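Structure first, then comments.
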Amino acid sequence: MNTLQMNERKMTEDDSEVLLEWLKQSPQWLAEEGLIKEEMDLQRTKVWMSLYDKYDGVWLMWEENHTLKGLSFHILNAPSNNQIWIGMIMVNPKYRRRGYGCSILHHLCKKLEQKDHKIVFTACPFQRVGWLRFLATCGFEQIGTETTPTDKRYTKLAKPLGE
């Protein structure tokens with residue numbers, strides 16, 4: 001895989017507007033999160049992000065040549081197994097399908113590996129075949145499926161670090 005040179009920084013309050021714009025251009029994300037494009041504004045974006053506060057996760061913005069290319073959200077100790085879970089990778093709509101998603105995942109996994117983590121997990125809605133293909137391209141392997149109490153099906157995936 002041709003890995004692009006990326007730099008990460010923690011997400012700031014000012015980045016909420018960027019996330020709002022990217023969400024508005026991401027109908028699949030909106031649908032999965034139960035959000036409606038026409039109702040999205042800065043306040044709703046911040047409320048949506050606050051739903052993830054309970055996980056004590058890390059929001060990162062990813063840049064190449066001082067241009068925002070994407071963002072990620074990961075949890076260091078997920079309630080399900082006390083392991084690292086990647087909850088979100090979103091690429092700036094202007095740069096999608098150019099390798100930035102895989103590059104973000106590659107750099108995030110390398111960063112976690114340097115902290116002696118051995119494996120990272122994620123999950124993907126069962127019907128999002130394109131997302132599953134993306135994750136497989138980035139080295140994730142299916143380890144199972146799960147159905148939530150609301151009958152939403154997910155494919156669970158894992159990626160060993162250091163390979």
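Kindly sort Trp62, Trp85 by accessible area of their heavy atoms, largest first, with the probe set to 1.4 Å. Let's see the in-between values first.
On the way: Trp62 0, Trp85 40 Å².
Largest accessible area first, the residues go Trp85, Trp62.
Taking Cα centre as origin and charging only the Cβ of basic (Lys, Arg, +1) and acidic (Asp, Glu, -1) residues, the dipole magnitude of the chain rounds to 500 debye. Computed about its Cα centre, the charge dipole of the range 77-126 is approximately 320 debye, with only Lys, Arg, Asp and Glu carrying charge at their Cβ.
A Gaussian network model of the chain, with springs between Cα atoms under 10 Å, assigns the largest mean-square fluctuation among Met61, Met90, Met40 to Met40.
Here's how it looks for Asn92: its modeled amide H is under 5 Å from those of Gly70, Leu71, which are all 5 or more places away or on a different chain. Assuming charge only on the beta carbon of Lys and Arg (+1) and of Asp and Glu (-1), the dipole of the range 10-98 about its Cα centre is about 380 debye to the nearest 20. Across the chain, the relative contact order, built from alpha-carbon pairs under 8 Å that are at least six residues apart, equals 18 percent.
Hey, if you put +1 on the Cβ of every Lys and Arg and -1 on every Asp and Glu Cβ in the chain, which of Ser26, Thr150, Val120 ends up farthest toward the positive end of that dipole? Checking the options against the dipole of the chain, the answer is Val120.
In order along the range 131-141, the Karplus-derived 3J(HN,Hα) couplings, from 6.51 cos²θ - 1.76 cosθ + 1.60 at θ = phi - 60°, round to 5, 5, 4, 4, 4, 5, 4, 8, x, 7, 10 Hz, and Gly and Pro are given as x.
The values are calculated or read from the model by the stated rules, or taken from the named source; none is laboratory data. As the structure is a prediction and not an experimental result, all values here were calculated from the model. Methodologically, a virtual Cβ is constructed for each residue, glycine included, from the backbone with ideal geometry; neighbour enumeration extends over all protein chains shown. Only protein heavy atoms, including side chains, enter the accessible area calculation; ligands, DNA and RNA are left aside. Shrake-Rupley method; radii C 1.70, N 1.55, O 1.52, S 1.80 Å.
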